[in-house]
Amino acid sequence: MKMSGEYRVASGEWGISCSHSPLATRLLHCRFIGVFVVLLALSSLRSYAQDIHFSQFFNAPLALGPGTIGQFDGDYRANGIFRQQWRSVSVPYRTLGLGGDGRDFLGVQGLGVGAWLFNDRAGDSRLNQFHFSIGASWTQRFGTEREQSITAGLQAGFTSLTLDSRALSFDNQYNGFTYDPTLPTGERFDRDGMMHPDVNVGLVYRYAPSKRELVQAGVGVFNLTTPDIGFLGEPGVPLDRRSTFHLITQFPIHERFDLLPMAQYMAQGTFRELDLGSNLRYILLDRYGLNRAVQLGIHWRADDAGYIYAGFEYDDWTFGMSYDINTSDLVPASRNRGGIEFAVVRIFKQRPAVPVRFKACPDQI
C-alpha cells in the first residue's frame with residue numbers, strides 16, 4: 001500500500017461569486033472554481049479500499065477511471081508511465097503502467113474503447129500485482145459548438161497477486177541472540193498467488209471552448225466486486241472500493257503562457273490522498289499543425305510529499321518527469337527521498353497539410 005496521508009474536509013457552506021463577462025476565459029475561471037469546490041465537498045464522503053497511485057496522474061489518463069476513455073483531441077492515444085520509490089529505505093517499489101484508447105471508434109460518434117495494464121512490485125516479499133482491463137465509454141457532446149461533453153465509461157478485467165514468502169523474516173526466527181533463517185516461521189502460507197476480477201466505472205465532464213482552454217472534472221469507482229485478499233489459511237480480507245475525483249484545467253495567461261491548475265482526491269478505506277498543484281506551459285511553436293512547448297510544475301500530496309514536474313511537448317508527443325520529495329513521518333529513514341517518475345503520451349491524428357512555401361516571381365521573368 002503506497003497511498004499515504006489522511007485528509008478530511010469539514011462540512012460547511014460554500015459560496016462562489018463570479019463576475020459577469022463575455023470573455024470565455026472569465027467563464028472558464030468561474031467553472032474551475034466551482035468544480036474545485038465540488039471536489040473538495042465530495043472528499044468528505046466515506047469511501048473504501050487501497051491501490052497504486054501516480055504523481056503524474058494527468059499523464060496517466062486511464063488510471064483516473066474509464067470515464068477518461070476517448071477524452072482527447074485525436075484518433076488514438078497511447079501512454080506509458082514508470083515509477084520507482086523508496087529506494088533509500090528498502091527494496092525499491094516499482095510500478096509500470098501502459099494504456100491505449102481510441103475516440104469515435106470505427107466511425108461511431110461518441111464511442112470510445114481502451115485498454116489499461118500495470119505491474120507493481122513492492123518490498124522484500126516481492127509482492128507483485130499485475131492488472132489488465134479493457135473498457136468502453138460513451139460521450140454525449142453538446143453546446144453551441146459541441147464544446148462540452150459528458151462521458152460515462154466501464155472497465156472490466158482481472159488482477160493477479162503473487163509474493164515470495166521465502167524472502168520474508170519473522171520474529172519466531174529470532175533465537176534469543178540473532179536471526180536464524182533455519183527456524184520455522186510460525187506462519188502458514190496457503191498459497192503464493194491469487195487472481196480476482198475487477199470492475200470499474202467512471203464519469204467525466206469536459207469543457208473545451210478553445211485549443212488552450214479546458215476544464216475536465218471526473219469521478220471513478222474501482223474494485224466494485226470487493227474481492228477477498230489473503231495468502232494465509234484464514235479467510236481473506238475484502239479489498240475496499242476506491243473512489244477518485246480529479247480536476248484538470250488549462251487557460252492562457254499570456255500570448256505564450258498557459259496555466260494548468262489541477263487536483264486529485266482518492267479515498268479507500270481509512271486512507272485518503274489529496275494532490276494539488278499547477279503546471280506553467282510555455283509555447284515555443286504553434287502553427288501549421290506543429291506544436292512545441294515546455295512545462296514546469298510544483299505539486300503537493302497532503303501529509304506525504306511535494307513534487308516537481310518538467311514536461312516537453314513535441315507535436316503529438318508529450319514527455320514528463322517528476323520527483324517526489326518526502327515530507328511524511330518516514331523522513332528519518334527516507335532523508336526526504338521519495339520517488340521518480342517518467343511518462344510519455346502519444347496521440348495519433350490526421351494532421352493538416354503543411355502549406356508549400358514558395359517565392360512569387362514577376363511575370364516578365
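The values are calculated or read from the model by the stated rules, or taken from the named source; none is laboratory data. Small disclaimer: the values here were computed from a predicted structure and weren't measured. No Cβ is skipped: glycine too gets one built from the backbone with ideal geometry, and neighbour counts run over all protein chains shown.
Annotations for the structure displayed:
- Residue in region 328-339 that is part of a strand (DSSP E or B), at pLDDT 95 or above, surrounded by 15 or more Cβ atoms within 10 Å (Cβ to Cβ) and not basic (Lys, Arg) present: no
- Residue list for region 258-311, filter: under 18 Å from PRO61 (Cα atoms) and among the acidic types (Asp, Glu): GLU273, ASP275
- Looking across ARG242, ARG212, ARG256, one residue alone is basic (Lys, Arg) and within 15 Å of the chain's Cα centre (by Cα). It is ARG242.
- Residue list for region 286-319, filter: under 19 Å from LYS211 (Cα atoms) and among the acidic types (Asp, Glu): ASP286, GLU313, ASP315, ASP316
- The residue that is farthest from GLN140 (Cα to Cα), among those in region 92-124 that are crowded, with 17+ Cβ neighbours inside 10 Å and more than 21 Å from the chain's Cα centre (by Cα), is PHE105.
- Residue satisfying condition, being modelled with pLDDT of 95 or more and more than 17 Å from TYR207 (Cβ to Cβ), within set SER125, SER133: SER133
- Residues that are in a strand (DSSP E or B) and touching a residue at least 60 places away in the same chain (Cβ under 8 Å) within region 266-278 comprise MET266, ALA267, GLN268, PHE271, ARG272, GLU273, LEU274, ASP275, listed in sequence order.
- Residues that are closer than 15 Å to THR318 by Cβ and surrounded by 17 or more Cβ atoms within 10 Å (Cβ to Cβ) within region 258-295 comprise ASP258, LEU260, MET262, ASN279, ARG281, ILE283, ASN291, ALA293, GLN295, listed in sequence order.
- Any chance LEU247 is modelled with pLDDT of 90 or more and not in a strand (DSSP E or B): no
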